[in-house]
Amino acid sequence: MILEEQRGGSAQGLYRVSGASRVTGSIVPPGDKSVSHRAVILGSAARGRTEIHGFLDSADCQGTLAAFLAMGVTVRTISPHHLILASPGSERLSEPSNVLDFGNSGTAVRLMAGLLSGIPGYRVLTGDDSLRQRPMKRVTDPLSRMGARIDGREGGSRLPLAVRGGPLSPILYENVHRSAQVKSAILLAALSASSSSTVVEEVPTRDHTERLLPAFGGKVLREGGRVTVWPASLSGTEVSVPGDISSAAFFIALALLTPGSTLLVRNVGLNPTRTAILEILQKMGARIEVEPLPERSGTEPSGTLRVSFSELSGITVPLSLIPGAIDEIPILSVLAAFAKGRTEIRGASELRVKESDRIAGMAAALRAVGVVVEEFPDGLAIEGGGPDRPLEEGSVDSLHDHRIAMSMAVLGTRLPRGRSLSISGTDFVSTSFPNFPDLFNSVVHP
Ligand code: S3P
């Protein structure tokens, strides 16, 4: 086994990854995390029955589901990935008897702050140590401008947030943080406002909320960089969640880095607001063939990728591609270490306020294995050493950040055979990719 996982002795999870020589076969990535959260949130805000196919059965998405179960929604679990929700509709969601804990998930807590601002009742939202340090003013400010009654530590900057839902006014808001979570929080609050609200974006961010809303009967108008949502009472529907391209990215990287490899990635989401990573990699010389599936109206586009080993070249990543690849920057920085020449990633200061400070975390992890990295307030520059670059074995800390842990697991496979890399703090991989070790070992060989 290339990836050995130790859980028992270490409460924080540890991976030991050995050098590999082949990556073969095909994978189906787990369900998209962003779409799974939204399917549960909209399905619970909607009156009646919502059937969800391809749900991501991970700690983060289970947290969102648990919050709605505490407010009177019921769920029938056909399989871990196939759920049927029954909701009385947002107006009739009850007051939970305890605080709602969203664990590690910024998406869940920010979107819920938006939705619950307009729903009668008192609710307190919190999360784990990482989430309680993350900025919330980006949502509490615009929601307060809409008339939301929200209190939180440091003037509404930090969790826990106490939300007392009530009538809201419309807003015209410019998405200055280039955050899909902020945009979605406002669009969900807009469902309860007295008239339509608009979010304006200079650079598009992931658009899953505005794609899904019409399927639930919401009225949405999209024109250029503007999205307008009207107040609405939603009704239940059927949602298909595609595979998560952010999770697939670790497997794309494995195939690109391992000489002689070809890997098929099936049923992966190809929403154009999420595929910037493919564009960036193609600019670096990656051989990735994209076969889109015929698109059904109202669903997320998806398809198959055929990824083959490629000699990559370092690039300066265009600023316009950063928001669409924000979750893939950790794995991109690993790939950059094996490219020829320097890769510069700027305009990504948002990475400092993710599940961990991913700029500092990736710089430290890459330096620990001998990669030369320059750190900027808003990004990284990585000196690539080509596909056969030397690496130092040893240990790195993932800072309990799932994407750093999986990125460094990919890097570990590039050690010479018989050498290994230890990665600590890997327990949080289950927030987005519960079967990562098994899937990894099914396609990576000694
Ligand atoms: C997400 C938006 C992004 C992304 C996160 C998921 C979403 O965060 O990093 O993993 O589902 O809306 P920001 O909105 O903070 O950029």
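The values are calculated or read from the model by the stated rules, or taken from the named source; none is laboratory data. Because the structure is a prediction, the values reported are computed rather than measured. We place every Cβ from the backbone using ideal geometry, glycine too, and count neighbours over all the protein chains shown.
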Just the residues that are within 15 Å of the ligand (Cβ to nearest atom), of a type in the set (Ser, Thr, Tyr) and either in a helix (DSSP H, G or I) or not assigned by TED's automatic domain parsing to the domain that holds THR205 (or both), please, taken from segment 101-143. THR107, THR140
State all residues of segment 50-59 that are under 21 Å from ASN104 (Cα atoms) and surrounded by fewer than 23 Cβ atoms within 10 Å (Cβ to Cβ); if no residue qualifies, say none. ASP57, ALA59
Does segment 37-57 include one or more residues that are of a type in the set (Ser, Thr, Tyr), under 24 Å from ALA253 (Cβ atoms) and out of contact with any Lys or Arg (no Cβ under 7 Å at 6 or more places or on another chain)? no
Do we have any residue at all in segment 23-30 that's closer than 25 Å to ILE404 by Cβ, in contact (Cβ under 8 Å) with a residue 60 or more places away in the chain and part of a strand (DSSP E or B)? yes
Taking the options ALA409, ALA364, name whichever one is crowded, with 24+ Cβ neighbours inside 10 Å and over 20 Å from SER313 (Cα atoms). ALA409
Quick check on VAL73: is it of a type in the set (A, V, I, L, M), under 30 Å from SER420 (Cα atoms), away from the ligand (no atom under 16 Å from the Cβ) and at pLDDT 95 or above? no
Only one of LEU421, LEU411, LEU391 is assigned to a loop (DSSP other than H, G, I, E, B) and closer than 13 Å to LEU366 by Cβ; which? LEU391
Exactly one of LEU93, LEU65 is more than 16 Å from the ligand (Cβ to nearest atom), at negative phi and buried (at least 19 other Cβ atoms within 10 Å of the Cβ), and that residue is LEU93
Which of the residues belonging to segment 131-175 are hydroxyl-bearing (Ser, Thr, Tyr) and surrounded by 18 or more Cβ atoms within 10 Å (Cβ to Cβ)? THR140, TYR173
Would you check if there is a residue in segment 35-58 being closer than 23 Å to GLU355 by Cα, acidic (Asp, Glu) and within 16 Å of the ligand (Cβ to nearest atom)? no
Residue check, VAL307 within 28 Å of PRO214 (Cα to Cα), among the β-branched types (Val, Ile, Thr) and not in a helix (DSSP H, G or I): no
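A quick yes/no check of all residues on (1) within 15 Å of the ligand (Cβ to nearest atom); (2) without any contact (Cβ under 8 Å) to a residue 60 or more places away in the chain; (3) part of a strand (DSSP E or B); (4) in the same structural domain as LEU312 (by TED's automatic domain parsing):
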{"residue": "GLY324", "(1), (2), (3), (4)": "yes, no, no, yes"}
{"residue": "ARG352", "(1), (2), (3), (4)": "yes, yes, no, yes"}
{"residue": "ARG367", "(1), (2), (3), (4)": "no, yes, no, yes"}
{"residue": "LEU380", "(1), (2), (3), (4)": "no, yes, yes, yes"}
Spans of helices (runs of 4 or more DSSP H) in segment 153-270 with at least 2 residues among the aliphatic types (A, V, I, L, M), in contact (Cβ under 8 Å) with a residue 24 or more places away in the chain and away from the ligand (no atom under 16 Å from the Cβ): 245-257
